[in-house]
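Asker: My questions all concern the structure below.
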Amino acid sequence: MPIKLKQRTLEDKILLAITAAATLVLFPFLITSLLAHDIAHIAVDIAAVGGIFSVFLGVWFTSNIKLFSAIFAVLAQVTILIGIYVKGAGLIYWLFPIIIASFYLLPIFVASLFNLLLITVACLFTYDQFDSFTLSRIVGAFFVTNLFSMIFSMFMQNKNKQLLEKDKISQLRNNILELIAGSSKLSKVLPAVIHSIENELPDTICSILLLDKTGKHLTVGAAPSLPDFYTGFIDGLVIGDGVGSSGTAAFTGKRVIVSDVATHPYWFTWKALAKKANLASCWSEPIIGNQGNILGTFSLYHRKISTPKSNDFLLIEQFVNLARIAIERENADKIIWQQANFDSLTHLSNRNLLHEHLTNALNNAERDKKKLAIAMLDLDKFKDINDSLGHGVGDAVLVECSKRIKACIRKNDIAARLGGDEFIIVFVGTTTAEDIDKIAQKLSSSLAKPYLIQEKKCFLYREYWPRILS
């Protein structure tokens, strides 16, 4: 069964087009030879047309492009030599398109050798049919055509290789961007980034370290190819000038290239560890956010002493940018989730998250056949504080109140701010009135303590209503 044309590769289509065109061009010559009853010409034309059409059928039905390209190239060269031998020097100019086509149909080195052999044999067949002046120019033209075709073929092969490499990298980038767009976790995105660059640079081992909330330590974001003892050591690395490649890159915000970790001063403390992990060099690139803040580092290790090339930096920068996008996307998601579910002032749960927690707590209580208690409270005279001392002081009071609430309740209990000075507490797992009363007394005692406002102690009375939901 022939393969559908739309499913074929570009190489298939080109070879089909060439063989079909050659068959159509040569077929009239076959008809002319038949009409002229020229046996020699008929034999040559039948060999050419039949051979080329057979290649067309072979490609059409099997799509074995490499095999039939080689057959077509050899067939074209043999046929033209037979034609020159039989018909004379009049066909020698057909060598020009055959020389050029050979570099498309065969590997460059093989095509060059075959063309040299073709030129030599064709000139041996026809050297006595040209004067020395004409023959030398024909031979020179053939060799120049072969040389230029070889150079152009090498140039195009290199360009195609670069384009294929760019397409491959673009596909890898698109795959990672799809993960980011799908809000995949960093635990999935960062290893994908590392696997991509390790595939592109097979002799490298990569790691991505993330700056922690304090801005003073690096934690391991992903390092799938590094040994566990090494990642365990660098997890929590303190950043600083001269603290390894990663620590220095995070501290300075600049690229750090260490070609030999055994002799570089940045690695003096860790060279024994690097030797144990069989790491000879390390290049670290800081991951810098859109606001100029350091997010982490992207490091490439080699098992041999090595220095990066300009192309390496271009590739690294692309994947560092992907890591930056992934980190900033997750940070943005966390901020959005925080703002959607927590009170921005007190950092207690807001109405939205409270509803979710309360629903789960009710379902669990019903399932376990237990009771659930909730408490609501607000602060008396809070409006007076806002009106007389300003909202800044009122906010400080609310923050202090929330701290006292969190200090009094248990780990599993839920505290939320409904708005203004209104708070609600869900006592998860409480089963007895005594438990509720004990926590309530603790809350009352804590909230009754004075608040220090503008260096003065103030007392805010509170209202408190515990309720048990069965």
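Asker: Within the stretch 241-254, how many residues turn out to be outside any helix (DSSP H, G or I) and either more than 15 Å from residue 294 (Cα to Cα) or modelled with pLDDT of 90 or more (or both)?
Answerer: 4
Asker: Quick check on the stretch 388-406: of everything there that is open to solvent by 70 Å² or more (accessible area, probe 1.4 Å) and within 45 Å of the chain's Cα centre (by Cα), which residue is farthest from residue 374 (Cα to Cα)?
Answerer: 403
Asker: A further question on this structure: Kindly establish whether residue 52 is over 19 Å from residue 94 (Cα atoms) and modelled with pLDDT of 75 or more.
Answerer: So residue 52 does not fit the description; no.
Asker: Continuing with this model, one more query. Could you please find all residues in the stretch 363-384 being open to solvent by 50 Å² or more (accessible area, probe 1.4 Å) and part of a strand (DSSP E or B)?
Answerer: 376
Asker: Can you work out which of the residues in the stretch 130-161 that are surrounded by 11 or more Cβ atoms within 10 Å (Cβ to Cβ) and among the polar types (S, T, N, Q) is farthest from residue 315 (Cα to Cα)?
Answerer: 134
Asker: Just a yes or no: is a residue in the stretch 180-187 within 30 Å of residue 208 (Cβ to Cβ), at pLDDT 85 or above and among the basic types (Lys, Arg)?
Answerer: So far as the stretch 180-187 goes, yes, one or more of its residues are within 30 Å of residue 208 (Cβ to Cβ), at pLDDT 85 or above and among the basic types (Lys, Arg).
Asker: Got at least one residue in the stretch 391-409 being in a loop (DSSP other than H, G, I, E, B) and either at pLDDT 80 or above or hydroxyl-bearing (Ser, Thr, Tyr) (or both)?
Answerer: Within the stretch 391-409 (the criterion being in a loop (DSSP other than H, G, I, E, B) and either at pLDDT 80 or above or hydroxyl-bearing (Ser, Thr, Tyr) (or both)), the answer is yes, since at least one residue qualifies.
Asker: Limited to the stretch 86-95, what total is found for residues that are over 14 Å from residue 29 (Cβ atoms) and part of a helix (DSSP H, G or I)?
Answerer: The number of residues fulfilling the criteria is 4.
Asker: Continuing with this model, one more query. Would you mind stating whether residue 166 is under 25 Å from residue 321 (Cβ atoms), open to solvent by 50 Å² or more (accessible area, probe 1.4 Å) and in contact (Cβ under 8 Å) with a residue 40 or more places away in the chain?
Answerer: No.
Asker: Can you name the residue in the stretch 178-194 that is of a type in the set (D, E, K, R) and not in a loop (DSSP other than H, G, I, E, B) and, of all such residues, is surrounded by the most Cβ atoms within 10 Å (Cβ to Cβ)? If you could, list the steps in order and put the result at the bottom.
Answerer: So in the stretch 178-194, the residues of a type in the set (D, E, K, R) come out as 178, 185, 188.
In the following step, the residues that additionally are not in a loop (DSSP other than H, G, I, E, B) were identified as 178, 188.
On the way: 178: 11, 188: 13.
Per the stated criteria, the residue is 188.
Asker: Still on this structure, I have one more. Might you check whether a residue that is over 30 Å from residue 170 (Cβ atoms), part of a strand (DSSP E or B) and not basic (Lys, Arg) occurs anywhere in the stretch 337-352?
Answerer: Among the residues of the stretch 337-352, at least one is over 30 Å from residue 170 (Cβ atoms), part of a strand (DSSP E or B) and not basic (Lys, Arg), which makes the answer yes.
Asker: Do we find a residue being surrounded by fewer than 16 Cβ atoms within 10 Å (Cβ to Cβ), touching a helix residue (DSSP H, G or I) at 6+ places or on another chain (Cβ under 7 Å) and of a type in the set (A, V, I, L, M, F, W, C) anywhere in the stretch 262-273?
Answerer: Yes, the stretch 262-273 contains at least one residue that is surrounded by fewer than 16 Cβ atoms within 10 Å (Cβ to Cβ), touching a helix residue (DSSP H, G or I) at 6+ places or on another chain (Cβ under 7 Å) and of a type in the set (A, V, I, L, M, F, W, C).
Asker: Which members of the stretch 216-232 meet the condition of being in contact (Cβ under 8 Å) with a residue 40 or more places away in the chain, part of a loop (DSSP other than H, G, I, E, B) and open to solvent by 30 Å² or more (accessible area, probe 1.4 Å)?
Answerer: Listed by number, the list holds a single entry, 227.
Asker: So, in the stretch 39-85, exactly how many residues are open to solvent by less than 20 Å² (accessible area, probe 1.4 Å) and either outside any helix (DSSP H, G or I) or polar (S, T, N, Q) (or both)?
Answerer: Residues that pass the stated criteria total 2.
Asker: Is it the case that residue 167 is modelled with pLDDT under 85 and closer than 30 Å to residue 82 by Cα?
Answerer: It is false that residue 167 is modelled with pLDDT under 85 and closer than 30 Å to residue 82 by Cα.
Asker: Counting only residues that are in a strand (DSSP E or B) and without any contact (Cβ under 8 Å) to a residue 60 or more places away in the chain, which one in the stretch 285-318 is least open to solvent (accessible area, probe 1.4 Å)? Give the derivation first.
Answerer: Residues of the stretch 285-318 that are in a strand (DSSP E or B), as a first pass: 285-288, 294-302.
Applying the additional criterion that residues be without any contact (Cβ under 8 Å) to a residue 60 or more places away in the chain yields 285-286, 288.
Working: 285: 28, 286: 12, 288: 68 Å².
So the residue we want is 286.
Asker: Shifting gears a bit: Starting from the stretch 52-68, keep only residues that are among the aromatic types (Phe, Trp, Tyr), then list their pairs with residues that are modelled with pLDDT under 80 and surrounded by fewer than 12 Cβ atoms within 10 Å (Cβ to Cβ) whose Cβ atoms are within a distance under 8 Å, requiring at least 6 positions of separation or different chains.
Answerer: That search, which allows pairs on different chains as well, returns 60/2; 61/1; 61/2.
The values are calculated or read from the model by the stated rules, or taken from the named source; none is laboratory data. Note that this is a predicted model, so its numbers are computed, not measured. Counting neighbours? That spans all protein chains shown, and the Cβs are built from the backbone with ideal geometry, glycine included. To get the accessible areas, we keep the full protein, side chains included, count just its heavy atoms, and leave off ligands, DNA and RNA. Shrake-Rupley method; radii C 1.70, N 1.55, O 1.52, S 1.80 Å.
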